[in-house]
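The values are calculated or read from the model by the stated rules, or taken from the named source; none is laboratory data. The structure presented is a predicted model; accordingly, all values stated were derived computationally and were not measured. Here the Cβ positions follow ideal geometry from the backbone for every residue, glycine too, while neighbour counts run over all protein chains shown. Only protein heavy atoms, including side chains, enter the accessible area calculation; ligands, DNA and RNA are left aside. Shrake-Rupley method; radii C 1.70, N 1.55, O 1.52, S 1.80 Å.
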Amino acid sequence: MPQQVTVTEHILLHQKMVPGATGQFTRLFNELVLSAKIITRAVNKAGLVDILGFTGDVNVQGEEVKKLDEYANRILIHRLARSGVLCAMASEENADIIEVPDSLPRGDYIIIFDPLDGSSNIDVNVNIGTIFSIYKRKSDSGGPLMSSDVLQKGSEQVAAGYVLYGSSTMLVFTCGDGVHGFTLDPSVGEFLLSHPNIRIPEQGKIYSVNEGYERYWDRETKQVLAYFKSPKNALRKPYSGRYIGSLVADFHRNLLYGGIFLYPADLRDPKKPSGKLRLTCECNPMAFIVEQAGGMAIDGGQRVLDIEPDHLHQRIPFYCGSLNDVKMVQDIFEEARSGKQR
Ligand code: FDP
């Protein structure tokens, strides 16, 4: 460990540097950290207590809900509502915005989260994660909350991050001043700074995509993959393919080693022409983190953080990672739009 700084100390230092900070953000973050520890405890006991498998319900995405998904969602809603600083929450598991009950104090922050990402990996002991994205409301405090307060562009995020439940639990986040990673030391129950100022390598060597769906991709994405696999690319050798199938885990590996994550549009299902990943709870937070680490995230057409969301569970095609790799994707899409052939 380079330094024994806890995540709470780090956030308090950040608070001191923000003129006029009230401590509201620190309170919200403390509840997130506590939730991450509680979820870690449940994840670590999976297989020993009755927390694996399905609840029998189907969520707003039409997916079967896993018990651990439901547990993580419940913990986050319960804890975050008690931070006293939120006016609303939104979860990947809930169809609508979650209001903070009248009985609890409120503030100006809004948090959007995916309580347990990579659910299909839960029952087989493969890495999963929690993703979060934090905004401040635009409308006046105390007045009615507007949908535009929740549906802000990703560039308006105040902070974003993820918790990775892996060989250890890691909390990685940005408040707009770089990306920092903290590892949970279970012996002291604290997240300690283990990865200060993370920078993603400018040139990656890994691509992560569910290649089984190649036949359903658009022409440009097929061209992109051909490029990464060609010995004539920037590396002068094929990239390595790595796909865990948990966004948090695939993203985290690429962040540290360099690489690109792709979840393209899928032309198979006309109901989901924009791929699978959700703009507000998955793509925006990852895009904020990757940009803060020196990388890039696009939907094939534009910067992810510039997209105006039109609904809470909107999906977009997602290309995210090392600068040179994502620029290459952008060039291929731009050439296709301008009618040029490579
Ligand atoms: P999951 O459905 O298992 O929760 O968006 C959710 C997600 O996992 C991502 O974490 C992951 O990158 C992707 O879906 C995997 O989807 P495919 O199985 O279609 O590859």
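If I go through segment 218-253 residue by residue, how many of them are of a type in the set (A, V, I, L, M) and either surrounded by fewer than 14 Cβ atoms within 10 Å (Cβ to Cβ) or away from the ligand (no atom under 16 Å from the Cβ) (or both)?
Initially, segment 218-253 is screened for residues of a type in the set (A, V, I, L, M), giving 224-226, 234-235, 244, 247-249.
From what is left, the residues that are either surrounded by fewer than 14 Cβ atoms within 10 Å (Cβ to Cβ) or away from the ligand (no atom under 16 Å from the Cβ) (or both) are 224, 226, 234-235.
Number of matching residues: 4.
Residues in segment 13-32 that are in contact with a Ser or Thr (Cβ under 7 Å, 6 or more places away or on another chain) and at pLDDT 90 or above: 4 in all. Residues that are over 26 Å from T8 (Cβ atoms), in contact with a helix residue (DSSP H, G or I) (Cβ under 9 Å, 6 or more places away or on another chain) and more than 14 Å from the ligand (Cβ to nearest atom) number at least 2 in the following strands (runs of 3 or more DSSP E) confined to segment 24-134: 54-58. Identify all residues within segment 284-306 that are more than 15 Å from the chain's Cα centre (by Cα), open to solvent by 10 Å² or more (accessible area, probe 1.4 Å) and not acidic (D, E); write none if there are none. Answer for segment 284-306, where residues must be more than 15 Å from the chain's Cα centre (by Cα), open to solvent by 10 Å² or more (accessible area, probe 1.4 Å) and not acidic (D, E): G294, G301, Q302, R303. Of all residue pairs spaced 6 or more apart or on separate chains, those with beta-carbon atoms under 6 Å, a first member in segment 1-18 that is exposed (fewer than 14 other Cβ atoms within 10 Å of the Cβ) and a second member that is modelled with pLDDT of 80 or more and of a type outside the set (A, V, I, L, M, F, W, C) are M1/S194. Of all residues in segment 36-54, those being at pLDDT below 70 and not small (G, A, S) number 5. Of all residues in segment 172-209, those satisfying the criterion of being acidic (D, E) and at pLDDT 95 or above are D185, E190, E202.
Residue by residue, here is whether (1) polar (S, T, N, Q); (2) closer than 28 Å to G294 by Cα; (3) over 17 Å from the mean Cα position of the chain (by Cα); (4) surrounded by 13 or more Cβ atoms within 10 Å (Cβ to Cβ) holds:
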{"residue": "N121", "(1), (2), (3), (4)": "yes, no, no, yes"}
{"residue": "G143", "(1), (2), (3), (4)": "no, no, yes, no"}
{"residue": "M146", "(1), (2), (3), (4)": "no, no, yes, no"}
{"residue": "Q152", "(1), (2), (3), (4)": "yes, yes, no, yes"}
{"residue": "S155", "(1), (2), (3), (4)": "yes, yes, no, yes"}
{"residue": "Y165", "(1), (2), (3), (4)": "no, yes, no, yes"}
{"residue": "T183", "(1), (2), (3), (4)": "yes, yes, yes, yes"}
{"residue": "V188", "(1), (2), (3), (4)": "no, no, yes, no"}
{"residue": "P196", "(1), (2), (3), (4)": "no, yes, yes, yes"}
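Close Cβ contacts (under 7 Å, 6 or more residues apart or on different chains) running from residues in segment 178-197 that are closer than 12 Å to K37 by Cα to residues that are among the polar types (S, T, N, Q) and in a strand (DSSP E or B) comprise T183/S194; L184/T169; E190/T6; F191/T6; F191/T183.
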